[in-house]
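The values are calculated or read from the model by the stated rules, or taken from the named source; none is laboratory data. All values reported here derive from a predicted model rather than from experimental measurement. Cβ atoms come from the backbone with ideal geometry, glycine included; neighbour counts cover every protein chain shown.
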Amino acid sequence: MALIKSISGIRGTIGGAPGAGLTPIDIVKFTYAYCATLPQRKPQPNGNRYKVVVGKDARLSGDMVEQLVVGTLIGCGVDVVKCGFASTPTTEMAVVFAGADGGIILTASHNPRQWNALKLLNDKGEFLTAAEGQAILDLAEREDFDFAGVDGLGTIEEEDFTDKHIEAVLAMKAVDLEAIRAAGFKVVVDAVNSVGGIIMPRLLKRLGVKCICLNCEPTGEFAHNPEPLPQNLTDLSETVVREKADLGVSVDPDVDRLAFICEDGKPFVEEYTLVSVADYLCERAEKAGEPIATVSNLSSTRALRDVTEKHGGTYYASAVGEVNVTTKMHEVGALIGGEGNGGVIYPALHTGRDAMAGVALFLSNLAHKKMTVSQLKATYPQYAIAKNRIELADKALIDRILDALKVRYAAEDVNTIDGVKISFESERKWVHLRRSNTEPIIRIYAEAPTQEGAEALAQEVIGVAEGIIRA
């Protein structure tokens with residue numbers, strides 16, 4: 001069993017002892033702490049009760065977790081708007097649609113079926129800051145409860161915000177409905193038996209796209225490992241080729257990550273989801289003479305920077321984590337941002353990763369370019385990423401290793417806002433080392449123009465680290 005507590009919420013495997021897995025007691029504790037800290041984030045709304053939106057993906061534990069969360073919210077005197085089955089971006093937008101004071105998303109994202117989580121939102125439908133999340137963790141550990149009396153209990157209303165989300169995507173100025181409909185696209189969607197199977201086919205139909213559904217029944221019994229990586233999408237690749245489709249679309253269980261399969265069955269590569277959408281938006285902004293800024297985290301591909309600068313824009317890097325990306329996006333007024341895991345954040349819609357926005361913008365780009373998906377991919381700077389890790393018996397070694405690498409590569413471009421990232425500009429490659437928040441390990445991402453180059457760079461840095469460990 002596992003329970004991971006972080007500033008963005010709690011995540012764990014269902015069952016076991018309190019504190020060791022995600023149990024009813026843990027769910028109640030953290031939901032209470034979220035309610036009790038609402039006044040710190042927003043003053044009481046005109047003497048009225050607070051209102052919180054709750055949405056869930058299709059996990060088998062979803063009903064149980066939802067009942068506990070909603071019951072606790074009501075017991076705290078908070079009114080609840082239940083969204084039922086709803087993607088993460090739908091729930092984020094529902095906070096604004098409903099005029100709510102916050103939201104709780106019940107999803108463990110790409111984790112397997114035995115996992116669930118509580119992801120916590122503010123009144124803008126965005127994830128909480130580090131300080132706000134820490135306040136909730138601290139209060140939950142104190143278990144200092146004080147629930148409402150019978151006359152102060154909250155209420156429940158139910159509303160499905162799926163169609164409102166779709167309408168908002170269709171209304172985006174950058175989405176060219178006419179071009180998409182004229183292109184006559186055929187798309188295969190793999191929704192891994194979760195809420196993507198509800199919203200994605202409905203959106204594609206409105207876009208005039210022929211949609212072939214794969215694993216679209218929201219049963220919660222995931223047909224394969226739910227992380228949208230190439231090794232998990234073999235059925236999607238085969239179906240795209242067999243059906244002579246233009247594109248394969250894969251989403252994770254809560255539909256905030258997006259990956260494509262080319263018409264030939266080969267991966268478009270998750271890192272390039274954001275790159276392709278950014279290329280389209282930057283090109284539009286360049287033609288209109290508008291300022292261009294893009295953001296991704298330090299572990300995302302350099303291709304976004306290359307594409308941004310090609311269109312005369314400025315690229316910015318943030319620490320890893322969606323809240324860090326969105327914070328930097330607000331700071332620089334970004335046109336587009338996201339993460340290399342297929343997370344597209346388009347602030348003209350809302351400031352959260354949104355696979356529906358990503359699909360609509362990608363299809364607009366494809367319709368304008370009049371290329372196949374594989375041809376489109378070939379127009380972008382080509383890079384490969386190697387992902388490794390170092391496991392340590394002593395967590396104290398982490399700082400020694402990171403400090404030594406800063407000294408060893410001081411002549412290069414060294415960024416320390418999140419671990420250590422070393423960029424070798426003349427060779428168009430980089431390596432990023434960062435500590436895990438939950439385990440005594442260092443994660444190592446390296447990128448270069450070839451897979452062999454990326455692996456070689458990672459092994460070079462691992463060799464330096466191993467020398468420090470032996471010393």
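Restricting the search to region 1-31, which residues are in a strand (DSSP E or B) and hydroxyl-bearing (Ser, Thr, Tyr)?
Listed by number, the residues that qualify are SER6, THR13.
Can you tell me which residue within region 32-86, out of those that are part of a loop (DSSP other than H, G, I, E, B) and among the basic types (Lys, Arg), is nearest to GLY21 (Cα to Cα)?
Within region 32-86, the match that is nearest to GLY21 (Cα to Cα) is ARG59.
Out of (1) within 24 Å of ILE7 (Cβ to Cβ); (2) in contact with a Ser or Thr (Cβ under 7 Å, 6 or more places away or on another chain); (3) exposed (fewer than 15 other Cβ atoms within 10 Å of the Cβ), what's the single condition that is false for ARG443?
So the condition that ARG443 fails would be (3).
Testing PHE85 on (1) farther than 17 Å from ARG202 by Cα; (2) hydrophobic (A, V, I, L, M, F, W, C); (3) surrounded by fewer than 22 Cβ atoms within 10 Å (Cβ to Cβ), one condition comes back false. Which one is that?
Looking at each condition in turn, PHE85 falls short on (1).
Note down all Cβ pairs under 6 Å where the first residue falls in region 94-121 and is within 30 Å of ASN225 (Cα to Cα) and outside any loop (DSSP other than H, G, I, E, B), the second is at pLDDT 95 or above and among the aromatic types (Phe, Trp, Tyr), and they're at least six residues apart or on different chains.
The qualifying pairs are ALA94/PHE161; LEU118/PHE30; LEU120/TYR34.
Of the residues ASP160, ASP146, only one is closer than 29 Å to THR31 by Cβ, within 27 Å of the chain's Cα centre (by Cα) and in a loop (DSSP other than H, G, I, E, B); which?
Matching residue, one of ASP160, ASP146: ASP160.
Does region 11-52 hold any residues that are more than 27 Å from GLY152 (Cα to Cα) and within 25 Å of the chain's Cα centre (by Cα), and which are they?
ARG11, GLY12, THR13, ILE14, GLY21, LEU22
Kindly indicate whether any position in region 279-293 is buried (at least 20 other Cβ atoms within 10 Å of the Cβ), of a type in the set (Val, Ile, Thr), more than 19 Å from the chain's Cα centre (by Cα) and part of a loop (DSSP other than H, G, I, E, B).
yes
Would it be correct to say that VAL461 is β-branched (Val, Ile, Thr), free of Cβ contacts under 8 Å to residues at least 60 places away in the same chain, more than 28 Å from SER8 (Cα to Cα) and loosely packed, with under 14 Cβ neighbours inside 10 Å?
no
Can you tell me which residue among VAL269, VAL275 is under 25 Å from GLU427 (Cβ atoms) and in a loop (DSSP other than H, G, I, E, B)?
None of the others qualify; the one that does is VAL269.
Hey, can you tell me all the residues within region 388-415 that are loosely packed, with under 12 Cβ neighbours inside 10 Å and not in a helix (DSSP H, G or I)?
Residues satisfying the conditions are GLU391, ALA393, ASP394, ALA410, ALA411, ASP413.
Enumerate the pairs (first residue in region 382-394 and acidic (Asp, Glu); second residue anywhere and surrounded by 12 or more Cβ atoms within 10 Å (Cβ to Cβ) and at pLDDT below 95) with beta-carbon separation below 9 Å, excluding pairs fewer than 6 apart on the same chain, so at least 6 apart or on different chains.
Once the first residue is acidic (Asp, Glu) and sits in region 382-394, its partners that are surrounded by 12 or more Cβ atoms within 10 Å (Cβ to Cβ) and at pLDDT below 95 give GLU391/GLU439; GLU391/PRO440; GLU391/ILE441; GLU391/ILE442; ASP394/PRO440; ASP394/ILE469.
Conditions (1) among the charged types (D, E, K, R); (2) over 20 Å from GLY321 (Cβ atoms); (3) touching a strand residue (DSSP E or B) at 6+ places or on another chain (Cβ under 7 Å), marked per residue:
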site	(1), (2), (3)
TYR380	no, yes, no
TYR383	no, yes, yes
ALA396	no, yes, no
LEU405	no, yes, yes
ARG408	yes, yes, no
ALA411	no, yes, no
THR416	no, no, no
GLY419	no, no, yes
GLU425	yes, yes, yes
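Could you look through region 119-167, keep only residues that are aliphatic (A, V, I, L, M) and in contact with an Asp or Glu (Cβ under 9 Å, 6 or more places away or on another chain), and pick out the one that is nearest to ILE7 (Cα to Cα)?
It comes out as LEU120.
Which one is surrounded by the fewest Cβ atoms within 10 Å (Cβ to Cβ), of the residues in region 256-271 that are in contact with a strand residue (DSSP E or B) (Cβ under 9 Å, 6 or more places away or on another chain) and over 12 Å from PRO230 (Cβ atoms)?
GLU263
Scanning region 1-30 for residues that are of a type in the set (A, V, I, L, M) and buried (at least 21 other Cβ atoms within 10 Å of the Cβ), which turns out nearest to ARG113 (Cα to Cα)?
Selected residue: LEU22.
Table: residues versus (1) among the acidic types (Asp, Glu); (2) in a strand (DSSP E or B); (3) free of Cβ contacts under 8 Å to residues at least 24 places away in the same chain.
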position: GLY208; (1), (2), (3): no, no, no
position: CYS213; (1), (2), (3): no, yes, no
position: GLU217; (1), (2), (3): yes, no, no
position: ALA223; (1), (2), (3): no, no, no
position: GLU227; (1), (2), (3): yes, no, no
position: GLN231; (1), (2), (3): no, no, yes
position: LEU236; (1), (2), (3): no, no, no
position: ASP254; (1), (2), (3): yes, no, no
position: ASP264; (1), (2), (3): yes, no, no
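Pick out the one residue from ILE25, ILE7 that is at negative phi, touching a Leu at 6+ places or on another chain (Cβ under 8 Å) and assigned by TED's automatic domain parsing to the domain that holds THR91.
Going through ILE25, ILE7 in turn, just one is at negative phi, touching a Leu at 6+ places or on another chain (Cβ under 8 Å) and assigned by TED's automatic domain parsing to the domain that holds THR91: ILE7.
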